Every structure is written in structure tokens, then in C-alpha cells.
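> I have a structure here, written as C-alpha cells, and I will follow up with some questions on it.
The values are calculated or read from the model by the stated rules, or taken from the named source; none is laboratory data. This is a predicted model, so every value here is computed, not measured. Quick reminder, even Gly has a Cβ in these numbers, built from the backbone with ideal geometry, and neighbours come from all protein chains shown. Ligands, DNA and RNA are stripped out before the accessible areas are found, and what is left, the full protein with its side chains, is counted by its heavy atoms. Shrake-Rupley method; radii C 1.70, N 1.55, O 1.52, S 1.80 Å.
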Amino acid sequence: MKISSSIFPIISIFILLSISSVTPSDSDDFDDFFQCLPKQSDSSVPITDAILTPNNSSFQYIYQLRANNLRTFLSATSRPVAIITALHPSHAQAAVICAKRHDFQLRIRSGGHDYEGLSYTSDVPFVILDMFNLNSIDIDMSTETAWVQAGATTGELYYRIAEKSNVHGFPSGVCTTIGIGGHFSGGGYGFLIRKYGLSIDNVIDAQLIDANGRILNRKSMGEDVFWAIRGGGTTSFGIILSWRIKLVRVPPRVTVFTVQRTLEQGATELAYRWQQVAPKLPKDLFIRLQPEPINNGGNNKTVRVSFIGHFLGQADGLLRLMNVSFPELGLTRNDCLEMSWVESTLYWAGFSNGSSIDVLLNRVAVNKVFAKDKSDYYKAVIPKQGLETLWQVLMDIENIFVQMNPYGGRMEEISDSETAFAHRAGNLFKVLYGIQWSESEGGVNATARYVELSRRLYNAMAPYASSNPREAFINYRDLDIGSNESDETDFEDAKEYGAKYFRNNFIRLADVKAKIDPKNFFKNEQSIPPLPSH
């Protein structure tokens, strides 16, 4: 479900009326903070040009521009004392030094896609460091590498690669307005996962600003920190300025397809079979399963299951493979579309066939929604009875969709301790449950009802999902699985969500945190605390 952009003026008025600014109790700290910033940044690029306060006419516009979940944004009871729209790395350094010195919390935002809005909301006096303007992409085809700044989007990255080569790509997300800074730090997941793993599996260096405002690279931060920021969520450890990535090879032509079947057309049997087949297919083939409830009028409800595929090769090779490995789906030549790899990124992002790749340069999400998302990992096939339970809940809720993304391939080959991202071998697929609603369906006032519906689905699938702990994906952030207060990081509470996000890697992450940020400057409701000393 998507919200028309025509309602944005109404939403903007509502925001202005409903959100109050947090100001510190000590106005001297407030003034001192702003006086500190120019002293700590490069004078050749004045930081005053990057500072927005509620008194600036563009403050509200910038604040809401990259706040993509209206549920969290319109529910916020406070707004930042300032937004620093960094124009130079020294602006980010100054934000750290001055916020730390004057006791403001710092929230770091790149694309604004944090599902719980933690990059742009807090319950204590806070400053947003907006990295969006730091979006340069420097590609070196001689080494097949690139430096990508945190504020660049996945769409921009795909576009810039395509400018240089039609046989290179990068494994990253489907949505083209995601900010690279946060996306990679939680893993970075997309349709090349079975061939090339996660984004972080192809990261070879990084620039990180630590709690003292220093810019560190892989060598100076050390291998422990470099390990932690690849999958551990960078905002617990510092601020990513840029990532150095290794580009991957793709063929000049790839093939995509979408096959849809309703329950009446045998979707249950096909979904059951997909679970057994999709994780074991050759690495070049990725097939997402996406069930959605549909209503044909009255009480005539059913579920339509989409099988969305990406093959690193041409249609003839795909058809030969499918006829052997998954003939039950009945894939035909008419289902297949051949295109360049960069064009396939448009297909996955939902752009119409034939769209110009220039749409990849659109940096801001237009159709914002009220949403609540949750995630699961599955290590065993869901029995048909479990699928029927899923279908029934989907039909009862209606405003919900599910994405099942297969593992196997490269993900089976990488140890769960090689990076901080621990969900590797042993998983058949990862699932996103997304519930969305619009202003006309109740908007922020309907939040409690829709959140409860999302929990109903999550609870219904508990018998079939991973357990002890029930694992979750940090890039699909979910405060339901455990959280702290905005300005606290209790270690016992953190262990609860830490085990779900990071499994056995949590304690090592906390140990790294104790070394690089022992006073816990970088924190949010689900950050990693320093390991307590014994």
C-alpha cells in the first residue's frame, strides 16, 4: 500500500502542530554547543551553513524529508535541538566532539530508513547528524573497487557502477533510496546474496569517526572494530564516513521473472516446495517468495503468492535449470525478461519495465507510509499446516505482506563469526513481515491497532521460526524484541535483543564497544553497551 504524495501538505501541518522542540534545561549548554561547532571544523567549509535549528525556515522540511516511517515520526514527542547537514567530514567530527562535550545525544541519519526511526527520534535532548550530503562515489575500475560515502544511496551506487561497466554490480538492497552508511553496517541484503553474500562480505575498508572525533581507517581502527562495524550496526561504535567496496562481476544480460499463483491455483503446494528448493539452487538463481492477501470483493478473500526471480544469465539457461530443479512452478519463456544488471535493480525496486535508469538518482522516498515491520529466520521447512495458518492470518489482517528470502549458496560458505553478522549457515530463509497503513486508514491514531496485528502474525509463526533465541535482522529493526530507554543502555536488557540480532557475536561486540567507546557516547534504544569489567 502506498500513500499519495498529495497528502503531504496535510501531514506537514500536523507535524508542525504536534511536535514540540526539546531544549536543554541549561541554556548555556545550548549556546556553548553552537559556539563549539565552528571551532572544531574546517573553516574553509563553514559549518554554520550546515546547521539548522527550529528557527530556520527549512528545518521542518529537512527533518521530515528523510524520516520515512510516519508511524515513528508522527508519534515522536520531541524533535532535535538541531540538525547538522554535514557538508564536510570535519562537520561530522565537530558534531561528535561538541555533542559529547555539552551532553547532547547524537543520532546519525543517512537515508532515514530505520524501521523504528532511531536515526531521527529520541526522548532526550538530541542532535541529528544528517550525512545525506556526503554522497560521493569514487569508482576505480583498474582495481574493481569503489569508495562510497555514507550519504550515498543504493540507487546512486548502482547508477555510478553502470556508468563505468555493464559487467559489474554490487550485492546490496532492493530499495533504491536506502542510505549506504547504515545499510551496510547492518549487513546489506539483496538479490545477489546467494552468489556474493551480503554487502559487508564485499567491504574491504572503511572510514569511521570515533567518540573522540578521530577519523580511522581499517588499519588504525584495528581488525576488531572493522569486524564489529560489518554487521554490528555502526551507530554503536562511531559514524561511518565511507566504505571501500569490492565490485562483483555480473553477466551483460540477466533474467528476471515473476510468477503468481493464488491458493486456488495450488500456491500452498508450491510454497511448500519452494522452501525445499530455493536454498539449494545454484548460486546464480535467487527466488523470493512473497505472499499477499487479496480481496476479490465481499468475503471472497484469498492469498496470492508471487515467486520473484533473478538469474545471472539468459532466459534459455534459466528455463533449463528450472525445468530440472523446480518444474512445479511452470516457468515459461513468456514469464522471463532479459535485461542488463542495472535494469534489473529497477525491476526489483518496482519501477515499470522500460523506466530510465535515471530514476536511480532519485534520492528521497516519495511514498511514505505508516508501518510496523518484524523479521524471522527459518531453519526448517514450514509444514503445510503452518503455511495455512500464515494464509489465514494474512487474510484476516489484509494490510500486510510477507517476503521470504532464500539463503544457501555463498551464505553457507561464510562463518558466522567472520563478521559481526551471525545469521549464516543453517538458515533456509529470512522473512520480513510488513504491515502498512495510510492516513485515511487511521494514520498515527491507528498505530496501536496495527502494531498489535503485526504481533499477532509474529506470534502465529513462532512454532516454525528459529528459537532460543528467536533470531532477528538488525536492518529490520524491531523494538518489540527488547530495548532500552533513549539515554540508557542496561547490559542485561541489551543481551536480550543482542542475542537475537547477533547470536554468539554479541559478547564480542560488547567487548569491542568497551575498547572504542568505553563511556558509551554512541547509543540508542537498541545499541550495544560496553562489556562490563570484571
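> Answer yes or no as to whether residue 136 is farther than 19 Å from residue 478 by Cα and of a type in the set (Gly, Ala, Ser).
yes
> Taking residue 494, is it closer than 18 Å to residue 237 by Cα, of a type in the set (A, V, I, L, M, F, W, C) and either in contact with a helix residue (DSSP H, G or I) (Cβ under 8 Å, 6 or more places away or on another chain) or modelled with pLDDT under 95 (or both)?
So residue 494 fits the description; yes.
> If you check 485, 471, which single one turns out to be in a loop (DSSP other than H, G, I, E, B) and either buried (at least 21 other Cβ atoms within 10 Å of the Cβ) or touching a strand residue (DSSP E or B) at 6+ places or on another chain (Cβ under 6 Å) (or both)?
Only one candidate qualifies: 471.
> Being open to solvent by less than 30 Å² (accessible area, probe 1.4 Å) and more than 20 Å from residue 387 (Cα to Cα) is the filter here; which residues of segment 446-468 pass it?
Answer for segment 446-468, where residues must be open to solvent by less than 30 Å² (accessible area, probe 1.4 Å) and more than 20 Å from residue 387 (Cα to Cα): 446, 447, 450, 451.
> Quick one: residue 533 ticks every box in (1) assigned to a loop (DSSP other than H, G, I, E, B); (2) in contact (Cβ under 8 Å) with a residue 24 or more places away in the chain; (3) of a type outside the set (Asp, Glu) except a single one, so which number is it?
Result: residue 533 passes all but (2).
> Restricting attention to segment 34-56, does a residue exist that is closer than 30 Å to residue 165 by Cβ and not acidic (Asp, Glu)?
The answer is no, given that none of the residues of segment 34-56 is closer than 30 Å to residue 165 by Cβ and not acidic (Asp, Glu).
> Right, another one. So for segment 506-528 (the condition being assigned to a loop (DSSP other than H, G, I, E, B), out of contact with any Gly (no Cβ under 7 Å at 6 or more places or on another chain) and closer than 28 Å to residue 191 by Cβ), does at least one residue qualify?
yes
> Would you call residue 432 of a type outside the set (Gly, Ala, Ser) and either part of a helix (DSSP H, G or I) or over 23 Å from the mean Cα position of the chain (by Cα) (or both)?
no
> So which pairs qualify, if the first residue must be in segment 449-477 and within 13 Å of residue 433 (Cα to Cα), the second must be assigned to a helix (DSSP H, G or I) and of a type in the set (A, V, I, L, M), the Cβ gap must be under 6 Å, and the two must be at least 6 apart or on different chains?
Matching pairs, first to second residue: 453/397; 457/393; 460/393; 472/481.
> Further question on the same structure: Determine whether segment 53-74 contains at least one residue that is at pLDDT 95 or above and in contact with a Pro (Cβ under 6 Å, 6 or more places away or on another chain).
No.
> Being open to solvent by 10 Å² or more (accessible area, probe 1.4 Å) and of a type in the set (A, V, I, L, M, F, W, C) is the filter here; which residues of segment 128-161 pass it?
Hits for segment 128-161 are 132, 137, 139, 141, 147.
> In the same structural domain as residue 380 (by the TED database) and more than 22 Å from the chain's Cα centre (by Cα): is that true of residue 427 in this structure?
No; evaluated as a whole, the condition is false for this residue.
> Can you give me the number of residues within segment 94-103 that are surrounded by fewer than 23 Cβ atoms within 10 Å (Cβ to Cβ) and either of a type outside the set (A, V, I, L, M) or without any contact (Cβ under 8 Å) to a residue 12 or more places away in the chain (or both)?
Number of matching residues: 4.
> Of all residues in segment 115-166, which are over 16 Å from residue 239 (Cα atoms), of a type in the set (D, E, K, R) and in contact (Cβ under 8 Å) with a residue 40 or more places away in the chain?
Those that are over 16 Å from residue 239 (Cα atoms), of a type in the set (D, E, K, R) and in contact (Cβ under 8 Å) with a residue 40 or more places away in the chain: 116, 123, 144, 156.
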